[in-house]
1. Could you say which residue among 170, 184, 105 is surrounded by fewer than 16 Cβ atoms within 10 Å (Cβ to Cβ), over 23 Å from residue 83 (Cα atoms) and touching a helix residue (DSSP H, G or I) at 6+ places or on another chain (Cβ under 6 Å)?
2. Would you check if residue 124 is crowded, with 18+ Cβ neighbours inside 10 Å and small (Gly, Ala, Ser)?
3. Which condition number does residue 62 fail, the rest of (1) over 18 Å from residue 278 (Cα atoms); (2) at pLDDT 90 or above; (3) assigned to a loop (DSSP other than H, G, I, E, B) being met?
4. Quick check on this structure: which one of 127, 113 is at pLDDT below 95 and within 17 Å of the chain's Cα centre (by Cα)?
5. For region 284-314, which residues satisfy the criterion of being among the hydrophobic types (A, V, I, L, M, F, W, C) and modelled with pLDDT of 90 or more?
6. Which residue pairs have Cβ atoms closer than 6 Å, lie 6 or more positions apart in sequence or on different chains, and pair a first residue in region 72-85 that is in contact (Cβ under 8 Å) with a residue 40 or more places away in the chain with a second residue that is in a helix (DSSP H, G or I) and of a type in the set (A, V, I, L, M)?
7. Tell me whether region 318-336 contains one or more residues that are at pLDDT 75 or above and assigned to a loop (DSSP other than H, G, I, E, B).
Amino acid sequence: MNVCSIIRVAIVTASGTDRRLVGAGAKRADWIDSTKKLLLDGVNYFQVVFTLPSELSSLALGNRRAIYDLLFASAWSALKQTIGQEQGYAPAALMVLHTWNQQLEAHGHVHAVVPGGGPALDGSGWVKSRRRNSSPGDSTELYLVDAVDLRRQYRDHFLAGLTRLRERGELQLQGDFEYLEDDEQWQSFLLKLASTEWVSYIQPPPQQHDSQPCSADHVLKYLARYLTGGPISEGRIIAADQDEVTFWARAGKTPGGDNQLVPITLPTIEFMRRWCLHILPKGYTKTRSFGGWHNRRRDAYLERCAIMLDAIDAPLQEDACEFPVLSDSLQAEGDEVPHKACPMCGRELRLIDVREKPSWYEVMNSSSRPSWYQRLTVAAENLASPSQHRIESAKGNFVALATKFNARSIPPHPTPG
């Protein structure tokens, strides 16, 4: 909590708000506002997707943090190595983790926004990504790196990291994967994964009618559809009751899915099970920045890019061209907290209190929990009982409570005049 010393108004910041409780529109707007600072006009931005094979998406359910951390790290290592070797510039990336497909099954993958250019690693100036045999003056071709080489680098980095996790005892091999405790079975498992082509694809930025790439703002709005939101939006749900849920899903198995939508119907309990597959570990960060966009080197990287693109409007200081070396060994900068301004009078706010947001477990097991939660807990206990009569009774109570809650929460549609 901050307080304005001029008008004595307390300003409560909701930095700890659970983003799953915010509407998709608000999340999308927040993402656009925070990301637009990274994008510069005159640069092409690509979407790159790295996907886990189905076997590893299933293994990740028992190793969420370890596998998803490895997914981020392997995707970045592949991008950094491939761009550095093929294009010769300092790369950057913003990645977002998704764990679902259109039918809500386990399908771990990351979407990455990657600039198609950057400061040359040898300090010679700005480098725009292009094919090796293309003309340096060709501004129409949209190319990042060789897609086959990228996906193979990604596969090799991931399998090497997976082996390290098992050697350190950090990989939980239980249930269907218990057989992988055997060394011979593990080697066969790795060989099978190493002999297949993994799914990774590069999507160029959208183009205008004149075949020129869209501006940074247009690219951002286009990518926001992919990088924000949860496993399923309300707009995709066709119908739902206590027995079944029907929702729209894209058909096909091609990357990104086909444009055709087909209705999918699941038992309600199966729909809930699939949705719960995508609950991440507490405090897990599903959006991460790498390379030049990493928090500790972002300002220096963007300033260098802007100077090279001649895109700075304000006058430069004398030392503006003196940049630190772009490397992964940069030390953490100062921990100084930026001052916040009062939204009403513009004066500086004075910090008077800092409180940790309680977890949902603490809230729901305290005296402040909502009254309906206790009744739902009883219903859940009845569902665990082997008695069919108690199961049907609990399901009926749950449906009645949900109907009553929806009736209070959703305003009625206005009657046509």
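The values are calculated or read from the model by the stated rules, or taken from the named source; none is laboratory data. Keep in mind the model is a prediction, meaning the values are calculated, not measured. Here the Cβ is made from the backbone with ideal geometry for all residues, glycine too, and neighbour counts use every protein chain on show.
1. Only one candidate qualifies: 170.
2. No: the conditions fail for residue 124.
3. Of (1) over 18 Å from residue 278 (Cα atoms); (2) at pLDDT 90 or above; (3) assigned to a loop (DSSP other than H, G, I, E, B), only one is false for residue 62: (1).
4. 113
5. Listed by number, the residues that qualify are 290, 293, 300, 302, 305.
6. These pairs meet every condition: 78/150; 82/150.
7. no
Rundown of residues vs (1) modelled with pLDDT of 90 or more; (2) assigned by TED's automatic domain parsing to the domain that holds residue 66, yes/no style:
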{"site": "226", "(1), (2)": "no, yes"}
{"site": "237", "(1), (2)": "yes, no"}
{"site": "242", "(1), (2)": "no, no"}
{"site": "249", "(1), (2)": "yes, no"}
{"site": "255", "(1), (2)": "no, no"}
{"site": "262", "(1), (2)": "yes, no"}
{"site": "267", "(1), (2)": "yes, no"}
{"site": "270", "(1), (2)": "yes, no"}
